[in-house]
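Data first, discussion second: the structure below is written as structure tokens.
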Amino acid sequence: MTKRSAATMAKAAQLPRMDALLEALAAPGEPLPWRREVVKAAARDELDARRAALAEGREPALDLDTVVAATRRRLEAALRPAPRPVINATGVLLHTNLGRAPLGDAAQRAMLEAAGACDLEYDAASGRRGSRFGALRPLLRWVSGAEDGHVVNNGAAALLLACTALGRSRDDAGLREGVVLSRTQMIEIGDGFRIATMAAAGGVPVHEVGATNRSHLRDYEAALEGEGQPRAAAILWAHASNFAQSGFVAQPSLAELAALARRHGVPLIADLGSGSLGGELPAAEPTLPAYLAEGASLVTCSGDKMLGGPQAGLMVGEAALVERCRRFPMARALRPDKTSLAALHASLVAHAREGETELPLHAMVRATMDCLRARGEAILEQLAAFQTRMSLRECEATLGGGALPGDRRPSLALVIEGEAEALAARLRAPQDGGLPVVARIEGACVWLDLRSVPAQRDADLVARLALALDQN
Ligand SMILES: *Cc1c(COP(=O)(O)O)cnc(C)c1O
């Protein structure tokens, strides 16, 4: 045994014993409402953490009172409701780490109402079994212009299901297997996930074609014709949602690929990602209806990006293909729950309505600079006590969430000078355990971008700022 580990073990022996710890945690005064096994498991984690710290050569406190208090904090932290609401003042409207699209009132109400018993798979008129997707299908068709639609858990699931269900087929010349994907579209979407590996996760091979910067129709054609390997069963198009290429580049258009797919009798699956339905969103961002009009056989996208709804994966397109996906065994493993379906329904109804949608994402995009300035000035007025450190400055917000990389829109930030790191930390993790505010730091200042904060949160923002600034 080394000297170090002997010393560590001697110290670890000073940690309280489990029964003493449990007795102290059960002491009258502030009884814990948690089951004994749960308290014991949390206490074990706390002891393990302190032993690990000792082994790393650190010097954690080992006395009973400290370990009891730390175990209580550990229990409280793990057992309070989660995820917790936050104020997103980052200026990234669709922030993947902050829950992407915020849901509107109608969608939130719909989720609550569906939370109890509901007619998810029940046809009340006949008293028979109904379809989980029955209420959504006409809406999906109407807002996208597709023949039919299906819904799964998220965009990645839609891509996986489409490629797996449609990536193997048979025609007069025999087996077709795999999807063709150009190297120009071999995208990584975040957290290390890549379109090509997600497409192949169901066991269907991906035929990579072309070069990083250039691919041609003949590259796709060769994969569809085989050439020494099974002929590909589908073409996959992935929207380059988070990067742009320029220079010596070439990529056949969606319409050209659609014509090629038709000639070979295979489907063109287009992964749109963002799921824009147009309206107030950037005109440069492709939309579901546009992809269908250009000839995509099946379009997949997320529900919680530009569609402004809950986490979901939409698949819309030719009825026979949608039906193949719906019937594919994997579909059962990817089906969404009743509350997401309810929120998606309400979000699509918002898209179906005449005039401006009531979706919070759209309201954020729509807000004029005058409107942001009026809100900013009202906030400044309420925080007059800290006026010397604060100003309103113009900045740029981004759509985020797989929108066009160049999508920047003018915005306005409340900028606070001094002690930026400490202030941002207090805003993120307030001592009173209240609503966290996530801001960004730039040039030694805290920037609170008002475009990503819903106007209804301004009063909360003022309260949180007053508290955090007061502690300076
Ligand atoms: C975001 C995105 C996905 C994944 O969608 P999730 O809903 O996050 O699973 C797939 N493809 C593209 C092009 C995307 O932008």
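The values are calculated or read from the model by the stated rules, or taken from the named source; none is laboratory data. Note that the coordinates shown come from a computational prediction; the quantities given were computed from them, not determined experimentally. Don't worry about glycine lacking a Cβ; one is built from the backbone with ideal geometry, like all the others, and counts go over all protein chains shown. Ligands, DNA and RNA are stripped out before the accessible areas are found, and what is left, the full protein with its side chains, is counted by its heavy atoms. Shrake-Rupley method; radii C 1.70, N 1.55, O 1.52, S 1.80 Å.
Key figures
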| read-out | value |
| --- | --- |
| Answer residue from the stretch 365-403, given it is of a type in the set (Gly, Ala, Ser) and more than 16 Å from the ligand (Cβ to nearest atom) and is nearest to ALA89 (Cα to Cα) among those | ALA397 |
| Candidate set: the stretch 313-337, residues that are over 20 Å from TRP237 (Cα atoms) and within 13 Å of the ligand (Cβ to nearest atom); chosen: the one surrounded by the most Cβ atoms within 10 Å (Cβ to Cβ) | PRO336 |
| Every residue from the stretch 58-77 that is open to solvent by 80 Å² or more (accessible area, probe 1.4 Å), part of a helix (DSSP H, G or I) and not acidic (Asp, Glu) | ARG73, ARG74 |
| Members of the stretch 325-361 that are under 11 Å from GLY309 (Cα atoms) and of a type in the set (A, V, I, L, M, F, W, C) | LEU341, ALA342, ALA343, LEU344, ALA346, LEU348, VAL349, ALA350, LEU359, LEU361 |
| Unique residue being more than 23 Å from ALA156 (Cβ to Cβ), in contact with an Asp or Glu (Cβ under 6 Å, 6 or more places away or on another chain) and open to solvent by 20 Å² or more (accessible area, probe 1.4 Å) when the list is ALA250, ALA255, ALA284, ALA259 | ALA255 |
| Residue within the stretch 227-241 that is away from the ligand (no atom under 12 Å from the Cβ), part of a helix (DSSP H, G or I) and either in contact (Cβ under 8 Å) with a residue 40 or more places away in the chain or hydroxyl-bearing (Ser, Thr, Tyr) (or both) present | no |
| Residues that are surrounded by fewer than 17 Cβ atoms within 10 Å (Cβ to Cβ) and over 31 Å from the mean Cα position of the chain (by Cα), drawn from the stretch 223-243 | GLU225, GLY226, GLU227, GLY228, GLN229, PRO230 |
| Hits in the stretch 141-184 (condition: more than 16 Å from the ligand (Cβ to nearest atom) and part of a strand (DSSP E or B)) | ASP148, ARG168, SER169, ARG170, ASP171, GLY174, LEU175, ARG176, GLU177, VAL180 |
| Matching residues in the stretch 287-312 - criterion: being buried (at least 24 other Cβ atoms within 10 Å of the Cβ) and outside any loop (DSSP other than H, G, I, E, B) | LEU288, TYR291, LEU298, VAL299, THR300, CYS301, SER302 |
| Matching strands (runs of 3 or more DSSP E) fully within the stretch 374-472 where at least 2 residues are at pLDDT below 95 and open to solvent by less than 50 Å² (accessible area, probe 1.4 Å) | 390-400 |
| Those residues of the stretch 242-275 which are within 16 Å of the ligand (Cβ to nearest atom) and more than 15 Å from SER182 (Cβ to Cβ), in sequence order | ASN242, ALA244, LEU272, GLY273, SER274, GLY275 |
| Unmet criterion (only one of (1) open to solvent by less than 50 Å² (accessible area, probe 1.4 Å); (2) not in a helix (DSSP H, G or I)) for SER340 | (2) |
| The stretch 208-230, residues that are more than 18 Å from ALA258 (Cβ to Cβ) and not hydrophobic (A, V, I, L, M, F, W, C) | GLU208, THR212, ASN213, ARG214, GLY226, GLU227, GLY228, GLN229, PRO230 |
| Residue within the stretch 292-300 that is closer than 23 Å to VAL365 by Cβ, at pLDDT below 95 and within 16 Å of the ligand (Cβ to nearest atom) present | no |
| Residue under evaluation THR212, criteria (1) more than 15 Å from the ligand (Cβ to nearest atom); (2) surrounded by 19 or more Cβ atoms within 10 Å (Cβ to Cβ), criterion not met | (2) |
| Cβ-Cβ under 6 Å pairs, at least 6 apart or on other chains, the stretch 166-188 side polar (S, T, N, Q), far side within 16 Å of the ligand (Cβ to nearest atom) and not in a strand (DSSP E or B) | THR184/GLN251 |
| Criterion: farther than 28 Å from HIS95 by Cα, buried (at least 24 other Cβ atoms within 10 Å of the Cβ) and not β-branched (Val, Ile, Thr) - qualifying residue of ALA199, ALA158, ALA173, ALA165 | ALA165 |
| Which listed residue is open to solvent by less than 40 Å² (accessible area, probe 1.4 Å), in a loop (DSSP other than H, G, I, E, B) and more than 23 Å from VAL322 (Cβ to Cβ), from ALA107, ALA101 | ALA101 |
| Residue match in the stretch 27-34 (condition: crowded, with 16+ Cβ neighbours inside 10 Å and closer than 22 Å to ALA78 by Cα) | yes |
